[in-house]
1. Scan the stretch 333-361 and report the pairs whose first residue is touching a residue at least 12 places away in the same chain (Cβ under 8 Å) and whose second residue is surrounded by fewer than 22 Cβ atoms within 10 Å (Cβ to Cβ) and of a type in the set (Gly, Ala, Ser), with Cβ atoms within less than 7 Å and a gap of 6+ or a chain change.
2. Show the residue pairs meeting these rules: Cβ distance below 6 Å; 6+ apart or different chains; first residue within the stretch 116-127 and outside the structural domain of residue 99 (by TED's automatic domain parsing); second residue modelled with pLDDT of 95 or more and of a type in the set (D, E, K, R).
3. Can you pull out the residues in the stretch 33-55 that are surrounded by fewer than 16 Cβ atoms within 10 Å (Cβ to Cβ) and of a type in the set (A, V, I, L, M, F, W, C)?
4. Since residue 11 meets every condition but one in (1) touching a strand residue (DSSP E or B) at 6+ places or on another chain (Cβ under 8 Å); (2) modelled with pLDDT under 95; (3) more than 21 Å from residue 337 (Cα to Cα), which condition does it not meet?
5. So in the stretch 68-98, with the set limited to residues that are among the polar types (S, T, N, Q) and part of a loop (DSSP other than H, G, I, E, B), which one is farthest from the chain's Cα centre (by Cα)?
6. Name every residue in the stretch 253-300 that is assigned to a strand (DSSP E or B), β-branched (Val, Ile, Thr) and in contact with a helix residue (DSSP H, G or I) (Cβ under 9 Å, 6 or more places away or on another chain), in order of residue number.
7. Could you list all residues from the stretch 310-342 that are more than 20 Å from residue 109 (Cα to Cα), of a type in the set (Gly, Ala, Ser) and touching a strand residue (DSSP E or B) at 6+ places or on another chain (Cβ under 8 Å)?
8. In the stretch 307-351, which residue that is of a type in the set (Val, Ile, Thr) and farther than 16 Å from residue 138 by Cβ is surrounded by the most Cβ atoms within 10 Å (Cβ to Cβ)?
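The values are calculated or read from the model by the stated rules, or taken from the named source; none is laboratory data. No experiment lies behind these values; they were computed from the predicted model shown. Because the Cβ atoms are built from the backbone with ideal geometry, glycine has one as well, and the counts that use them run over all protein chains shown.
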Amino acid sequence: MGYRYVVIGAGRQGVAAAYDLARHGEAERIALLDRNAAIARAGAERLNGLLGQQVAEAAVGDASQPQTLVPLLAEADGLLSAASYRFNLGLARVAIGTKTHMVDLGGHTGIVRDELALSREAKKAGVALVPDCGMGPGMNVTLALVAMDLLDEAEEVRIYDGGLPEDPQPPWNYALFFSAEGLVNEYEGEAYFLRGGVVTPVPALAELEKLEIPPLGELEAFVTSGGLSTMPWTFEGRLRTLENKTLRYPGHAHLLHGLRALGLFGREAIQVGNNLVAPRDVLISLFDRALADPEARDVCVIHVRARGKVGGRPAEARVGLLDRYDPKTGFRAMEKLTGWHAALVLSLAVRGEIPPGATPIERALSGDRFLSAAPARGWAIERHVG
């Protein structure tokens with residue numbers, strides 16, 4: 001007897017997550033839900049074709065109206081939300097009501113903290129709720145835990161991660177491997193780091209630096225919002241430094257600063273001809289048009305540097321993961337790292353390995369538990385201490 005899952009969002013990451021649940025999550029049935037019936041059907045057909053068996057079924061529903069999903073969720077053991085971060089709080093409340101374990105792909109630290117505030121209700125319902133799974137935030141935080149475990153005492157942790165096209169094309173040298181709305185959300189607002197052991201806001205697009213990441217060569221790294229989720233609050237006073245930067249090919253940040261200077265990140269509507277238009281909405285549409293290439297193949301990298309002590313002496317631990325597009329399944333690296341990490345956490349939740357309540361990702365999934373699950377997914381984690 002297996003588990004019954006609902007995956008909301010039958011696009012890129014959603015189908016990848018469902019694939020992992022079918023292979024490693026003891027799935028008896030997976031409902032792939034989307035408000036677009038054609039996308040839901042295509043996702044289910046693709047998944048069943050990859051698996052060689054009828055595990056997935058298409059379902060139509062709207063994450064913005066979570067109460068309408070109650071009948072479906074009431075029959076499910078686990079819910080994975082690959083919908084926009086805007087809907088996750090409402091979905092979490094419904095999942096608690098239907099006693100359905102839930103994880104989501106997050107993307108907005110404020111909403112994640114509101115979800116975590118539901119911990120008492122989730123615990124009472126016997127539900128495990130873990131927001132902000134995926135590549136980043138999510139796996140980047142998990143690999144930071146791996147690096148910290150290599151030291152007797154960790155003091156500073158710096159995380160670099162990004163999804164990049166294998167064949168970068170100017171001027172952006174970038175392709176869109178997740179939603180344009182999510183991308184713009186990362187490029188605006190603030191990140192929260194630990195500086196001097198204290199949670200400190202740092203503006204997005206700040207603190208540009210360059211570093212070598214073999215075999216990709218020189219990349220640039222800069223601050224984006226939300227990459228650490230709640231980890232800074234969890235480790236406040238325990239780590240002196242904690243930060244996360246996004247990796248891009250050189251020159252990308254310069255273009256973003258130009259867009260911001262033009263006001264294209266603005267949310268307040270401006271007059272354009274006879275219409276009122278929010279510049280941010282225009283930017284999202286333009287990014288989606290210019291950077292969404294269905295044929296683009298990607299490479300994803302997560303690189304962690306942790307400094308502290310081993311045996312009473314200063315030491316640095318380095319942990320790395322590099323993943324590429326898989327031609328056998330057609331999954332991009334971004335889809336695998338995002339969807340499979342979330343699916344792993346959900347499978348642990350339904351099996352009772354994550355206790356009831358709302359738990360931040362840095363507490364829900366240990367470094368050791370992740371390392372034990374990585375080989376089955378083809379992930380080779382590089383570790384070095386020196």
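1. Pairs that qualify, where the first residue is touching a residue at least 12 places away in the same chain (Cβ under 8 Å) and the partner is surrounded by fewer than 22 Cβ atoms within 10 Å (Cβ to Cβ) and of a type in the set (Gly, Ala, Ser), are 344/373; 356/126; 357/119; 358/119.
2. Sorted first by the residue in the stretch 116-127, then by its partner, the list stays empty.
3. Let us first name the residues in the stretch 33-55 that are surrounded by fewer than 16 Cβ atoms within 10 Å (Cβ to Cβ), namely 36-38, 45, 49, 52-54.
Of everything in the stretch 33-55, those that are surrounded by fewer than 16 Cβ atoms within 10 Å (Cβ to Cβ) and of a type in the set (A, V, I, L, M, F, W, C) turn out to be 37, 38.
4. (3)
5. Taking the stretch 68-98 and keeping what is among the polar types (S, T, N, Q), we get 68, 81, 84, 88, 98.
Right, trim to part of a loop (DSSP other than H, G, I, E, B) and you get 84, 98.
Details: 84: 12, 98: 25 Å.
Among them, the one singled out is 98.
6. As a first pass, look at the stretch 253-300 and keep what is assigned to a strand (DSSP E or B): 270-272, 275-277, 298-300.
Applying the additional criterion that residues be β-branched (Val, Ile, Thr) yields 270, 272, 277, 299.
Result: 270, 272, 299.
7. From the stretch 310-342, those more than 20 Å from residue 109 (Cα to Cα) are 310-336, 340; that's our starting set.
Next cut, of a type in the set (Gly, Ala, Ser) only: 311-312, 315, 317, 320, 330, 333.
315, 317, 320, 333 - these are the residues of the stretch 310-342 that are more than 20 Å from residue 109 (Cα to Cα), of a type in the set (Gly, Ala, Ser) and touching a strand residue (DSSP E or B) at 6+ places or on another chain (Cβ under 8 Å).
8. Step one: list which residues in the stretch 307-351 are of a type in the set (Val, Ile, Thr), which gives 310, 319, 329, 338, 345, 350.
Pick out the ones that are also farther than 16 Å from residue 138 by Cβ and you get 310, 329, 350.
Values: 310: 15, 329: 14, 350: 23.
Among them, the one singled out is 350.
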